[in-house]
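Here's the structure, in structure tokens; my notes come after.
The values are calculated or read from the model by the stated rules, or taken from the named source; none is laboratory data. A quick note: this is a predicted structure, and the numbers were derived from the prediction, not measured. Here Cβ is always computed from backbone atoms with ideal geometry, including for glycine, and neighbour counts include all displayed protein chains. Surface accessibility is based on the protein's heavy atoms, side chains included, excluding ligands, DNA and RNA. Shrake-Rupley method; radii C 1.70, N 1.55, O 1.52, S 1.80 Å.
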Amino acid sequence: MKSISLQRSLDVRCWRVVGQVAWAAKRPELLPVLLRARELGSTDVGDIADHLLFDANSRRVVAQRLLQIAELYKLLEQRDRRYVLTESGRVALRTEQIFVPEQGAWTIWATDDPLLPTPILRVDPWSEPSAYEEIFGKDRDAARERPFEKLPPWLLAAVDVVATPVAAGGAPLRIDELETQGEVAEPAAGLRILWDVSAARLRVEGSISGARVNTSLDAPQVPVEDVWKQLLESEGLWTQWDPAVLALRVGFDDASAAERESLVRAVAFRRPEVAGCGRFDNATVEGVALRARSAPDAARWAEWRLRERVRDYATAERFADWTAEAVAPFAEFRPSTPSRQALADAAWRARIDRPTPAAWHLVAAEDWGL
């Protein structure tokens with residue numbers, strides 16, 4: 001199978017929205033609290049003060065503060081006045097990363113693309129313009145026309161999901177809350193997703209808000225054979241594909257001169273679609289093998305290839321080599337080819353004024369018994 005590469009532009013959208021975003025950070029003082037909760041199944045203020053702070057009485061305030069922070073960060077939750085580990089807490093223990101929430105206004109870049117593990121591309125803090133700026137500032141006219149819209153369901157579905165945005169430099173985050181409406185902003189982004197199907201590699205590259213992006217992702221778990229079948233079906237070529245020889249079966253008249261000689265074709269696909277992965281830009285797969293569709297096609301093809309090889313005196317040895325080379329790709333059909341004499345006679349009869357070089361090379365070799 002030849003190399004299959006598909007790509008498309010990402011439809012990037014951008015909003016300014018109020019919400020709570022949690023950023024991954026190192027908080028080593030909280031990990032022992034989480035470990036204690038996992039060890040016992042639950043914990044409380046007295047237990048943390050006694051076993052972690054070594055003073056069940058005077059350290060209760062500190063213990064309470066640690067538990068409250070862990071609860072605020074969604075690492076622990078209260079049940080019957082005790083604290084138990086949440087799923088986020090288990091993840092924090094496994095990764096030693098704790099997500100610290102921050103309430104505010106944010107600029108969020110996102111795209112609804114099935115190949116991305118998260119629609120979130122980038123999140124930046126954003127400062128709301130002051131009342132003075134909105135009334136008297138140089139951009140006051142634009143401020144009065146600020147467009148707002150409901151956030152799409154695919155973006156809201158990313159809430160409470162830990163993600164590593166492709167344009168965030170590898171830093172994971174979690175969006176805890178988002179208001180349902182946001183101000184539409186100009187994305188200032190140009191991103192493309194490139195899928196090397198044959199090598200099972202996926203990459204996003206381009207820029208977003210002036211920052212370069214070149215991020216590798218996990219490629220879709222789709223066998224290359226399945227992708228190839230869908231591409232061929234999109235162009236009505238699947239019935240011509242012969243998996244036994246990994247080649248397209250084509251008629252002699254359907255192949256160009258270059259294809260008849262090389263036995264390969266560059267196959268173009270117009271806006272191909274792969275199930276579950278979406279539609280892609282026009283693509284071309286180079287070097288697709290060709291084979292004759294039928295015995296008559298093989299015979300015509302082999303004779304054409306033989307005639308094309310007559311570029312020197314057709315001695316008996318050379319002619320035998322040319323014949324073997326011409327028919328080799330069609331061995332399954334065992335095509336017959338004209339003899340040297342038959343080609344020489346046909347070439348001489350077809351001459352108009354002067355014989356062509358090929359005719360001379362055949363006739364001379366035949367007449368002189370070379």
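A quick yes/no check of all residues on (1) in contact with a Leu (Cβ under 6 Å, 6 or more places away or on another chain); (2) without any contact (Cβ under 8 Å) to a residue 12 or more places away in the chain; (3) of a type outside the set (Lys, Arg):
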site	(1), (2), (3)
146	no, no, no
153	no, yes, yes
163	no, no, yes
174	no, no, no
184	no, no, yes
188	no, no, yes
200	no, no, yes
209	no, no, yes
214	no, yes, yes
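Okay, residues lined up against (1) touching a helix residue (DSSP H, G or I) at 6+ places or on another chain (Cβ under 7 Å); (2) touching a residue at least 24 places away in the same chain (Cβ under 8 Å); (3) buried (at least 17 other Cβ atoms within 10 Å of the Cβ):
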{"site": "221", "(1), (2), (3)": "no, no, no"}
{"site": "224", "(1), (2), (3)": "no, yes, no"}
{"site": "227", "(1), (2), (3)": "no, yes, yes"}
{"site": "231", "(1), (2), (3)": "no, yes, yes"}
{"site": "234", "(1), (2), (3)": "no, yes, no"}
{"site": "239", "(1), (2), (3)": "no, no, no"}
{"site": "242", "(1), (2), (3)": "no, yes, no"}
{"site": "248", "(1), (2), (3)": "yes, yes, yes"}
{"site": "256", "(1), (2), (3)": "no, no, no"}
Residue among 308, 332, 325 that alone is free of Cβ contacts under 8 Å to residues at least 40 places away in the same chain, more than 30 Å from residue 227 (Cα to Cα), open to solvent by 50 Å² or more (accessible area, probe 1.4 Å) and not aromatic (Phe, Trp, Tyr):
325
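Quick grid of which residues meet (1) closer than 26 Å to residue 19 by Cα; (2) under 13 Å from the mean Cα position of the chain (by Cα); (3) assigned to a strand (DSSP E or B):
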| site | (1), (2), (3) |
| --- | --- |
| 168 | yes, no, no |
| 177 | yes, no, yes |
| 183 | yes, no, yes |
| 199 | no, yes, no |
Would you confirm whether or not region 52-59 contains a residue that is out of contact with any helix residue (DSSP H, G or I) (no Cβ under 8 Å at 6 or more places or on another chain), at pLDDT below 90, open to solvent by 20 Å² or more (accessible area, probe 1.4 Å) and part of a helix (DSSP H, G or I)?
no
Residue set 27, 16; condition open to solvent by 20 Å² or more (accessible area, probe 1.4 Å) and part of a loop (DSSP other than H, G, I, E, B); output residue 27
